[in-house]
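Trainee: Next up is a structure, given as structure tokens.
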Amino acid sequence: MSFKALNICDSIVYTIDYWERNLTNVTPYCPVCGEVTEIRAAGSTVMKTHFFHSTQGTNCPSIIENHSKYALLTPTTLDTTNGNQLINWTKINIWHLYSKCKKILKNRLQFKEFSAMLEKAKENKIWYYKGLNTNTLPYVLIVNFGIFPKIEGRSEEVWYIFDKKMYGDNLFLQKKITHIWRVTKLDIERIELDYDTSDTGKHYAWINFQSFYK
């Protein structure tokens, strides 16, 4: 269930309220998977008016039951050189990276959750995707983690996804990622990639730091 839909005529995502007032003759599309949606529960006193996927059994990643289908898979070809550089960069800039991830999660991210994100990235070898870089890293860590549970300060479960067409082993090579989607059971929100790492430490600083202890 979503309260936003895409108008493919102008490539703009509109709210359900705007759609009912101004776009009643336009077909709404899901901005995540591109499938046709329709307006449901209009005028209902029991349920809020919302957009609903017209395709029965849709596999859109915005639907919580489908989330596991879009978990980032271990890359089939590992770029160990780039991956090790990203790991070293993370060790140098751990608080900078945590702060960015926390901001993406609307300042609702405990450090123990962040540690779990790094551990899951290690398990899935996410660091070794070809083409992955520091500017993309916080978004990838968040998408890879899966569903963030309801906790104090976070009133509902939330998960983050890429567009359906973006998934694949060449995720960061042939397809330029510009945004992710923040999804809850009731809504979706587009988040642009804007992580600036120009003022962070370089990956090789960790190697130089370690040399002092040899």
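Trainee: In whole Hz, with x marking every Gly and Pro, tabulate ³J(HN,Hα) for segment 121-127 from phi via Karplus 6.51 cos²θ - 1.76 cosθ + 1.60, θ = phi - 60°.
Mentor: 4, 5, 4, 8, 6, 4, 4
Trainee: Fully extended, how many nm does the chain gain between residue 124 and residue 155 (0.36 nm per residue separation, minus their Cα-Cα distance)?
Mentor: That works out to 8.3 nm of additional length.
Trainee: Mind checking segment 3-42 for chymotrypsin sites (Phe, Trp or Tyr not before Pro) that DSSP puts in a loop (not H, G, I, E or B) and that have at most 16 other Cβ atoms within 10 Å?
Mentor: Taking segment 3-42 and a limit of 16 other Cβ atoms within 10 Å, the loop chymotrypsin sites (Phe, Trp or Tyr not before Pro) found are 3.
Trainee: Taking a point 7 angstrom from the Cα of residue 87 along the C-beta vector, which residues in segment 114-136 have backbone N less than 13 Å away?
Mentor: Taking a point 7 Å out along Cα→Cβ of residue 87, the residues of segment 114-136 whose backbone N falls under 13 Å are 119-129.
Trainee: Oh, and also: What FRET efficiency comes out for the pair residue 42/residue 66, r = Cβ-Cβ distance, R0 = 25 Å, nearest 0.05?
Mentor: Plugging the Cβ-Cβ distance into 1/(1 + (r/R0)^6) gives 0.50.
Trainee: Let me ask another. I need the phi-derived Karplus couplings for segment 195-201: 6.51 cos²θ - 1.76 cosθ + 1.60, θ = phi - 60°, integer Hz, Gly and Pro marked x.
Mentor: With the stated coefficients, segment 195-201 comes to 7, 9, 10, 5, 9, 9, x Hz.
Trainee: Using Cβ contacts closer than 10 Å as the measure, can you line up 38, 65 from fewest to most?
Mentor: In order of increasing Cβ crowding within 10 Å: 65, 38.
Trainee: Put +1 on the Cβ of every Lys and Arg and -1 on every Asp and Glu Cβ in segment 4-60; which of 19, 7, 50 then has its Cα farthest towards the positive end of the dipole?
Mentor: Towards the positive end, the residue furthest out is 50.
Trainee: What percent of all Cα-Cα pairs in segment 4-114 falls into each 5 Å bin, going from 0 up to the bin containing the maximum distance?
Mentor: Pair shares across the bins are 2, 9, 13, 12, 14, 13, 12, 10, 7, 5, 2, 0.
Here, each number is a calculation from the coordinates, and none is a lab measurement. From a predicted model like this one, the values you see are computed outputs, not experimental measurements. For neighbour counting, all protein chains shown are included, and Cβ atoms are generated from backbone atoms with ideal geometry for every residue, glycine included.
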